[in-house]
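Each remark here refers to the structure printed beneath this line.
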Amino acid sequence: MTRPQRGSGLPGAAVVPQAAFGHYASVPPGERLRVLLVEDDEGDAFLVGELLAETNSMIDLLVATSLSEARQRVMGVDCVLLDLGLPDAQGLDGLRQVLDMASGAAVCVLTGRSDEHLGIVAVAEGAQDYLVKGQVDGVLLTRALRYAVERKRADENARRLREVELRQAESARLERGLLPQPLMTTDQVAVHTFYRPGRHAALIGGDFFDVVQTRPDRIDLIVGDVCGHGVDEAALGVELRVAWRALILAGVPDEEVLPALEQVLMSERRLQEIFATVATTRLDLADNRATVRLAGHPPPLLLAGGRVAPVPARGGLLLGVRPRRPVAFDLEFETEDWSLLMYTDGLIEGRVGSGDDRLDVSGLTELLADPASRAVSLAELPAWLVGRAEQLNGGPLADDVAMLLVTRGGGR
């Protein structure tokens, strides 16, 4: 780079070449770039503009003679071409200030022959490249600026990708750790679980379930659904599940468990409009009976004697709307071979056909009564039901789906 005499440049002006790359095939093509040159030497600023103009660089050049002026003009530029010797900043201190003020732009530094080592240090500090005055022609300058912009974009994309990967890995570890492990030791019944969140790539959603055995002949089960599909709803669902387990293990009287759970919901929800639906079942294995309580939740389905029917428990009110104790329903199993399916409404809200009809409880009952379902093992039955619901829906179900299938004996 041969320096013209001082005073022959265009201080503070913008050089805006309009032509394309022309015969300079070695210069990588791309969109027009905005480059801010921070240079107090009028001659050097003029020369940079001339070098870019002679190569038809498709680069719009803005000039600032100090860091304070650069701070006012840096908005929207793709690259900053920085002289390390400025009246209001010297060396790496000026570079650090530019990196701070232009975090989204690439930075390429200009050094003298005697200060070339500063260019290497500048790259280590965060600049994308350095150029030595007197050793640059127009093609090299243009290529260096474009490559600096591409490297900055590549670095930013790699950083964002890494951040997303770390967040996803952290979320996956957290969500995997929050999925419930049934607390059960008996072999008198078997429990088959199914969970599929509605959120893309998530492991848990606002639905929740749990199983707790407190005595050799007593097992408590819960299936619930927090309205909404976000991370906050998923966290609230976990809080409710953990609170329910604690209440059961603490021996809180049956009729007080759901009111206490409602208190947790109302104190932990982020919006007053958030509510939850819940179905609980207490199994008394010694007497072969169950107690079912519903709080705005669809009823469990009973499979026994070759028949399928909803448990006729009263629906009750949603948790978090108007506190009221759900009414208990006592269910007597007529045989030692039965299954009880508890589920969330994501399973039954899918459409049936091209109209507005939903699968609903009646449609789910028909699916379970279909002879084809008897060819499916009980362990695979929840997943089979979801598959059939998605076929009827014409695609994936939009909402979270949680299921508990507890079976005794032959199961149906």
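Observations on the structure shown:
- 11 Å beta-carbon shell around residue 122, net charge (K/R +1, D/E -1): -3
- Separation of the residue 179 and residue 75 label points, Cα + 7 Å toward Cβ, nm: 4.9
- Cα gyration tensor shape for segment 37-160, rounded if a/c is under 1.5, else prolate or oblate: rounded
- Candidates 117, 297, 192: whichever shows maximal mean-square fluctuation once the chain is modelled as a Gaussian network with Cα springs under 10 Å: 117
- The fraction of all Cα pairs in the chain landing in successive 10 Å bins from 0 to the largest distance is 4, 18, 20, 10, 6, 10, 13, 11, 5, 1, 0, given as whole percents.
- Length-normalised contact order for the chain - Cα pairs under 8 Å, 6+ apart - percent: 12
- Residue-span extension gain [residue 100 to residue 273] - 0.36 nm each, minus C-alpha spacing: 58.0 nm
- 3J(HN,Hα) from dihedral phi, segment 35-45, Karplus parametrisation 6.51/-1.76/1.60, rounded to Hz, x for glycine, proline: 10, 9, 8, 9, 8, 8, 8, 4, x, 5, 5
- Within segment 29-87, GluC sites (Glu not before Pro) in DSSP loop having at most 11 other beta-carbon neighbours inside 10 Å: 31
- Backbone geometry of segment 64-81 corresponds, through the Karplus equation with coefficients 6.51, -1.76 and 1.60 at θ = phi - 60°, to 3J(HN,Hα) couplings of 10, 9, 7, 5, 5, 6, 4, 4, 7, 10, 6, 4, x, 7, 8, 8, 10, 9 Hz, x marking Gly and Pro.
- Sparse-neighbourhood loop sites, trypsin sites (Lys or Arg not before Pro) in segment 186-292 - DSSP loop, at most 12 other Cβ within 10 angstrom: 270
- Shape analysis of segment 280-395 places it in the oblate category; the axes a ≥ b ≥ c from the Cα gyration tensor give an a/c of at least 1.5, with a/b not above b/c.
- The mean of 1/r over all pairs of different alpha-carbon atoms in segment 343-412, once inverted, gives a Kirkwood hydrodynamic radius of 12.5 Å.
- In this simple spin-label approximation, residue 68 and residue 186 carry label points 7 Å from Cα along the Cα→Cβ vector, and these lie 8.2 nm apart.
FYI, it's all coordinate maths here, none of it is from the lab. All values reported here derive from a predicted model rather than from experimental measurement. With ideal geometry, Cβ positions are generated from the backbone for all residues, glycine too; neighbour counts draw on all protein chains shown.
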